[in-house]
Amino acid sequence: MTIHDFLQLNQDDECTLETQAAREFAERYLAAETGSQERASMATALTVLLDDPSRAVRKAIAKILATSSHSPAHVVRCLASDVDEVAVPILKASPIFSDAELVDLFAEGSEAAQLAIAERSTLSASVCAAICEVGSESACRAMLQNAGANVLQSSLLRIAQRFEDRPEICDQLLKTRDLPLNARYELLMRLAANLDDHPIVLERVPENQRPTFLSDAEDKVVLRLALEAGAEDLPDFVEHLRANGKLTTRLLLRAVCCGRLRFFAAALANLGQVPLPRLCRLLVTVRRSALQAILRKAGLPLRSHQAFLLAIDVARQADADFSYDLALDEARMLTETLLEEMQDGALGADEDVTAFLRRFAIDVARLEARQLVKNSMQQITNAA
């Protein structure tokens, strides 16, 4: 053993002894009665140790005091502004801090400090708002995964604006049920827009079919969201689509073929400026001439009217009232009946519309098949 090794060993032993003493002072402080001389003496000792050059000493104190609401506030606040190694246990767990203090500590803190605050067992709406406004991506992601975080919709929207080009955090946002439907749609649209150079698309989709593939992907996103939307959210979602020029004839045809009757009715009500409850009644009760007037008022092209009128007839025969969506097997039957009728030359069907319907019929059949397989696998799993 060299002299250097011996000196280093003595130094390590000394550091260990100091660390043990610091830990003991912190434990004795918490064990002492409030207002006692023992507690006052230990508070003084801990205050002096705040100036100790050894991080291990300050870290030992932080670990003991971090979770107690009886810890000396001035010591805890000083440790919270220390180096990350010392501050993180305090920031992550100490109940001493008010929301205003946490907001200030977060704004001034390093990425590690921000992450520690975002992982606290409970986070108020105001602290979550600060995280969403100025937090790092890792801190925002940790907050989204934190079951104790009270994140308002406005805060979720702010994260969506800041990190719209970050796939990981977008994926986490999409798993958050409180994310407004319009924001969920915008995130999914941005993801869909990036599909044109995705390796799978480049490999499997011929170049001349990619525009159709991408537009179909966007429509499927809309209809998936429409299926999950509540009655109170659907009108606002439809208006958002209309304002962005996305409420197309092709989308409405696909909605009918997929059985998304609620979305179809909401879209017609929006385009025709008719109250939704009244429109649902009209779709069920009025004659064809009145239905055609509704389609004209909605601005749908004349060449598509025959398809929509037939779809409404088939839905009526199934006793649908346009206040609920059809099951996949019902949607497939509707689409097949509609396609069979449209292919009858006597109806004067538009070739483009018929081509759309053929493609939609394939999609619905595939959706139904996947659902059957999924249900069968679930039954096998439950039986096992």
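The values are calculated or read from the model by the stated rules, or taken from the named source; none is laboratory data. None of the values given here were measured: they were computed from a predicted structure. All Cβ positions, glycine included, derive from the backbone under ideal geometry; neighbour counts span all protein chains shown.
Checked against (1) surrounded by fewer than 15 Cβ atoms within 10 Å (Cβ to Cβ); (2) farther than 24 Å from GLU111 by Cα; (3) touching a residue at least 24 places away in the same chain (Cβ under 8 Å), SER54 passes all but a single condition, namely (2). Of everything in segment 246-265 that is charged (D, E, K, R) and part of a helix (DSSP H, G or I), the residue that is modelled with the highest pLDDT is ARG262.
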